[in-house]
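> One structure is given below, represented as structure tokens, and several questions about it will come after.
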Amino acid sequence: MSQPQSLAAVFSERVRQLAQKEAFRSPSATGWTSLTWAQTDAQVRELAAGLLSLGLQREERVALASATRVEWVLSDLAVILAGGATTTVYPNTQATDVAYIVADSECVLAIVEDQAQLDKLRATRAQMPALRTVIVIDTGGLGAPGDDGTWHDGWVISLEELAQRGRDHLAAHPTAVDDAVAALQPEHLVTLIYTSGTTGRPKGVELTHKLSLIHI
């Protein structure tokens, strides 16, 4: 049996093996919401296609600033399937350090939990020249979006809007996500984890698909 080339391939194989089994359960207004592996795959692929529609290239970094929630998992998997590399940002990180991490890692996109996380990026936007678009999971407090579904001159979209763009992208390019997954090799970057910065500026630790697969 051949070894998987990437974490994306591992995820796809898990979906194939356990399609109708429960993958995740998360709290909701009515109690708990369950996702099977097949349902997870469908949502992740829409988000991954959305990222591709925004121009994400292989190994380009996507910042992810959110507390633990199912959308964090779905977003991280989407970045992986799109061929990007997640740059994790603790939600309690101060705005100046968030700006440093996003700029140092040259993130082109960011997925943030809510307005509080968005405000950190808005306050330091000039320090992050590579950052093209911010995707917000919980848009409560942002008010109504514009006619194009965006906020702040097109800089901000919702996670729901990202999924819709992904559905549109898959309609036009049905194999887009599969092609991105197939192109991944073990040496490609999958995540950047920044240190706490207690002895100076935070430093990014690179993890490739190969290094990540060792621990599975």
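> Look through S66, S28, S53, S2 and report the one residue that is more than 23 Å from E206 (Cα to Cα), at pLDDT 95 or above and among the polar types (S, T, N, Q).
Exactly one residue qualifies, and that residue is S53.
> Still on this structure: Inside the range 185-216, can you point out the residues that are open to solvent by 80 Å² or more (accessible area, probe 1.4 Å), of a type in the set (V, I, T) and under 15 Å from V10 (Cβ atoms)?
I214, I216
> Still on this structure: Just for the range 171-184: of the residues that are closer than 17 Å to I80 by Cα and in a helix (DSSP H, G or I), which one is least open to solvent (accessible area, probe 1.4 Å)?
V177
> In addition: Could you please give the count of residues in the range 70-93 that are farther than 26 Å from G55 by Cβ and either of a type in the set (D, E, K, R) or free of Cβ contacts under 8 Å to residues at least 24 places away in the same chain (or both)?
1
> Just give me the residues in the range 23-52 being of a type in the set (A, V, I, L, M, F, W, C), touching a residue at least 60 places away in the same chain (Cβ under 8 Å) and open to solvent by 20 Å² or more (accessible area, probe 1.4 Å), in sequence order.
If the condition is that a residue be of a type in the set (A, V, I, L, M, F, W, C), touching a residue at least 60 places away in the same chain (Cβ under 8 Å) and open to solvent by 20 Å² or more (accessible area, probe 1.4 Å), then L52 is the only one that fits.
> Filter the range 92-110 down to residues that are open to solvent by 50 Å² or more (accessible area, probe 1.4 Å) and among the hydroxyl-bearing types (S, T, Y), then give me how many there are.
The total comes to 2.
> Name the single residue, out of those in the range 133-144 being open to solvent by 60 Å² or more (accessible area, probe 1.4 Å) and within 15 Å of D114 (Cβ to Cβ), that is modelled with the highest pLDDT.
D138
> Now, a different point. Can you work out which of the residues in the range 53-62 that are over 16 Å from T175 (Cα atoms) and free of Cβ contacts under 8 Å to residues at least 60 places away in the same chain is least open to solvent (accessible area, probe 1.4 Å)?
V62
> A further question follows. Considering (1) within 13 Å of the chain's Cα centre (by Cα); (2) open to solvent by 50 Å² or more (accessible area, probe 1.4 Å); (3) farther than 18 Å from V190 by Cα; (4) not aliphatic (A, V, I, L, M), say which one P129 fails and leave the rest.
With respect to (1) within 13 Å of the chain's Cα centre (by Cα); (2) open to solvent by 50 Å² or more (accessible area, probe 1.4 Å); (3) farther than 18 Å from V190 by Cα; (4) not aliphatic (A, V, I, L, M), P129 is out only on (1).
> With respect to D153, is the statement that it is at pLDDT 95 or above, open to solvent by 80 Å² or more (accessible area, probe 1.4 Å) and of a type in the set (D, E) true?
Here the answer is no, as D153 does not meet what is asked.
The values are calculated or read from the model by the stated rules, or taken from the named source; none is laboratory data. Only a predicted model underlies this, so the values are computations on that prediction, with no experimental measurement involved. A quick note on method: Cβ atoms are made from the backbone with ideal geometry, for glycine too, and the neighbour counts reach across all protein chains shown. Just the protein is used for accessible areas: all its heavy atoms, side chains included, with ligands, DNA and RNA removed. Shrake-Rupley method; radii C 1.70, N 1.55, O 1.52, S 1.80 Å.
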